[in-house]
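I have placed the structure first, in the form of structure tokens, so that the comments after it can refer back to it.
FYI, it's all coordinate maths here, none of it is from the lab. Note that this is a predicted model, so its numbers are computed, not measured. In this analysis, Cβ positions are derived from the backbone assuming ideal geometry, glycine residues included, and neighbour counts consider all displayed protein chains.
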Amino acid sequence: MTVSPRCAMALLSVPPVRGALSVLFLVMFVAVTLVPGEHGAAMRIGGGLAVLLLGVPLWSATLAGFVRDVRRPHRRGRTVVVASRPRPFAVTVSWIALGAVVGGLIGFGLVTGLGGPDPAAALCLLATVLGLPTAAVLPRLSRWHADGSGVVAVCERGLHVTARPGEEVAAIPWDRLGPIGDLPPDVGGALGRRVRWHPGAREAVGRWAQEGFSPTAAEVRALRLDPAWSADPAAHEPTSASRRRRAAELAWALTLCTGLLAGLIGLVVTGTSPWWALPAFGWAPLLAIWFLVPHRGRRGAGSSERGIAPR
């Protein structure tokens, strides 16, 4: 029985499955690198790097889902949320629980590998056991509880006020808002008392109520609006965070392909694998390296052609 790539990706998109695999890869990394065994230091380092390279995408996806749950709500369909109920206590506890899971597993490996006392190892395991369900459940549970107080979202046509999940109270055009973006009393009263504007949202809504909906680049980035809503050319430029993320993804792909090619060459050189394994399997990482490295150069050349010609 085989599993298609589409089914595998759909399975990995389920948060519990992705979270379980992330914990499994973290356990594998700790076991390979920190727990003593019959293999030497070189094999442990190589195995740890292999698990690290394979686990990074899973850890990144799991952390992205965790961050999405602990951050302020962002999108509601085609609208962007600009006011919601804060939950600082739940967010703080969630981050502490996530740190307990990672620190507990790594600490357990260090204590076991260095022959530390049993109570320390038991404490590390206890931190992991308590932190794992808290980090998995609390962010979503607190988000569900906070959404019960209602949210205020914006789009090109105006404000959308939702008192309860799935129950929209009103859609208010920009020209119907007060001079400083105040909500009508009957609409604002439907929201919970703890609902607060996100930083910079009240000032932006007040300006849009007077001048029309025309977000600046700073407002697009501060409120995470759709760049297509802004006429400011700076709003459509990639942010430094997106450039760093793209560079990290490229570096990971290059490192993975180079490591696979180097490992295959090492197996052939040491006689572990026959010589024909190199041309039979080595073309794939070699082709990937050839594609990834020039890709950035072609991109830079294209952007220089579109730039200002030298005088």
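List of remarks:
- Three-way shape call for the range 39-115 based on the alpha-carbon gyration tensor, with the a/c threshold at 1.5: oblate
- The label point for Thr216 and the one for His74, both projected 7 Å from the Cα toward the Cβ, are 2.3 nm apart.
- Shown is the FRET efficiency for Arg193 and Asp226, computed with R0 = 35 Å from the Cβ-Cβ distance and rounded to the nearest 0.05: 0.70.
- For Val82, the residues 5 or more places off, or on other chains, whose built amide H falls under 5 Å of its own are Val152, Ala153, Val154.
- Summary of the geometry: the range 51-88 and the range 188-218, compared by the centres of their Cα atoms, lie 22 Å apart.
- Highest-first arrangement of 76-86, 115-125, 212-222, where packing means the average Cβ count within 10 Å: 76-86, 212-222, 115-125
- At an R0 of 30 angstrom, the distance between the Cβ atoms of Ile96 and Ala251 translates into a FRET efficiency of 0.50.
- Listed values for the range 62-78 are Karplus-derived 3J(HN,Hα) couplings in whole Hz (6.51 cos²θ - 1.76 cosθ + 1.60, θ = phi - 60°), namely 5, 5, 5, x, 5, 5, 4, 7, 8, 6, 4, x, 10, 9, 10, x, 9, and x replaces Gly and Pro.
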